[in-house]
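To start, the structure under review is shown below, and the notes come after it.
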Amino acid sequence: MAIILGIESSCDETSASICIDGEIKSNIIASQAIHANYGGVVPELASRAHQQHIIPTVDQAILDAKIHKNDIDAVAFTRGPGLLGSLLVGTSFAKSFALARQIPLIEVNHMQAHILAHFIEAPYPKFPFLCLTVSGGHTQIVLVHDYFNMELLGQTLDDAAGEAFDKTAKILNLPYPGGPLIDRYAKEGNPDAFKLPEPQIPELNFSFSGLKTAILYMVQAEEKKNARFLEENMADVCASVQSRIVSILLNKLKKAAKQTGVKDLAIAGGVSANSGLRDSLLQMGERYKWNVFIPQFEYCTDNAAMIAIAGYHKYCRNEFVGQDITPLARLHV
Ligand code: KG4
Ligand code: ZN
């Protein structure tokens, strides 16, 4: 039997999870509401909040899993990518825990973990599969050959998809993080109400900065005609923006499926919680006869269950690291 403690602290969620023999027994997430006051994550405040939350979060994860801390066989932590000050808290905690308990330490790549969240609950995708990883910091199309053998086929040249949602929300005077709010408004709106451009970016890469500027100009022009434009059209604007972001993402995923001939397609990362993206991918899956994999909401945004499951698969391979390991703000899949 293998009991793994997973720790996630790459951005603004402090999370701990217990995985027993590949099964997630607990997944505790402490969010940091403070950033909403600043319109985005403030790195220094994030590090301090991680320091406050880490011990109670781990205690709760152990309690919920109905185990004792002495039962834990290994500790897995997010090494990167992420905010360095935030990563240092999780890394230092994991190192101390492993040292005190004399158990192995496992480093996990956060972007790989988002993808490996698909192995938390069956049915699992079959290798090789394609994964569109869309979060606040990344937008990637990855060809997943095996658990830890992943090939980057395309990525964003500027903003990430989550940033496109969050920056648009700022233009629309919505609080941070704006992605979930745009999603909520979009449900009531007409996606064809406003025409927004689809950027022509070569190969399997993405760009969202032009779209953001187009939205800003559109809102400014409409507000000149009607000062209450946003108030009166919020649902239609959100539906149009969401529909364009989703079409940009899925057109590239379709292209990747065509190029590779792969039929198992997955989405991962915070933006995979978006209902428009989930619905459109399911529809495309039926149309093109793809096997589509969408994580449960709980495992889309940052969480330690994905770190614990990735840690479990590394534990099975005896892939451990020493106490001299350091976090990395930048790390590729
Ligand atoms: O993966 P994640 O939790 O953190 C990073 O590693 O970045 O992703 C956070 C991003 C934020 O940009 C947030 O606005 C976006 O995911 N997000 C959404 C939704 N839920 C979270 N975007 C659109 N629709 C949603 N429902
Ligand atoms: Zn993430």
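On the given criteria, is Phe93 within 26 Å of Leu45 (Cβ to Cβ) and more than 16 Å from ligand 2 (Cβ to nearest atom)? The answer is yes for Phe93. Being of a type in the set (A, V, I, L, M, F, W, C), over 30 Å from Lys314 (Cβ atoms) and buried (at least 18 other Cβ atoms within 10 Å of the Cβ) narrows it down to one residue among Leu143, Leu157, Leu172; which is it? The match here is Leu172. Taking residues in the range 241-263 that are farther than 20 Å from Gly179 by Cα, and partners anywhere that are β-branched (Val, Ile, Thr) and open to solvent by less than 30 Å² (accessible area, probe 1.4 Å), the pairs with Cβ atoms closer than 7 Å and at least 6 places apart or on different chains are Lys252/Ile141; Leu253/Ile141; Ala256/Ile141. Taking the listed residues Glu223, Glu151, the one that is at pLDDT 95 or above and in a strand (DSSP E or B) is Glu151, with no other qualifying. Looking at Ile4, Ile72, Ile115, just one residue is open to solvent by less than 30 Å² (accessible area, probe 1.4 Å), in contact with a Cys (Cβ under 8 Å, 6 or more places away or on another chain) and under 17 Å from Glu319 (Cα atoms), and that residue is Ile4.
The residues of the range 191-217 that are over 23 Å from the mean Cα position of the chain (by Cα) and not in a loop (DSSP other than H, G, I, E, B), listed by number, are Thr213, Ala214, Ile215, Leu216, Tyr217. Taking residues in the range 108-126 that are in a strand (DSSP E or B), and partners anywhere that are of a type in the set (Phe, Trp, Tyr) and open to solvent by less than 20 Å² (accessible area, probe 1.4 Å), the pairs with Cβ atoms closer than 9 Å and at least 6 places apart or on different chains are Val108/Phe77. Looking only at the range 259-275, residues that are under 17 Å from Arg244 (Cβ atoms) and surrounded by fewer than 23 Cβ atoms within 10 Å (Cβ to Cβ) come to 1 in all.
The values are calculated or read from the model by the stated rules, or taken from the named source; none is laboratory data. Predicted, not measured: the structure shown is a model, and the values here were computed from it. Counting neighbours? That spans all protein chains shown, and the Cβs are built from the backbone with ideal geometry, glycine included. Just the protein is used for accessible areas: all its heavy atoms, side chains included, with ligands, DNA and RNA removed. Shrake-Rupley method; radii C 1.70, N 1.55, O 1.52, S 1.80 Å.
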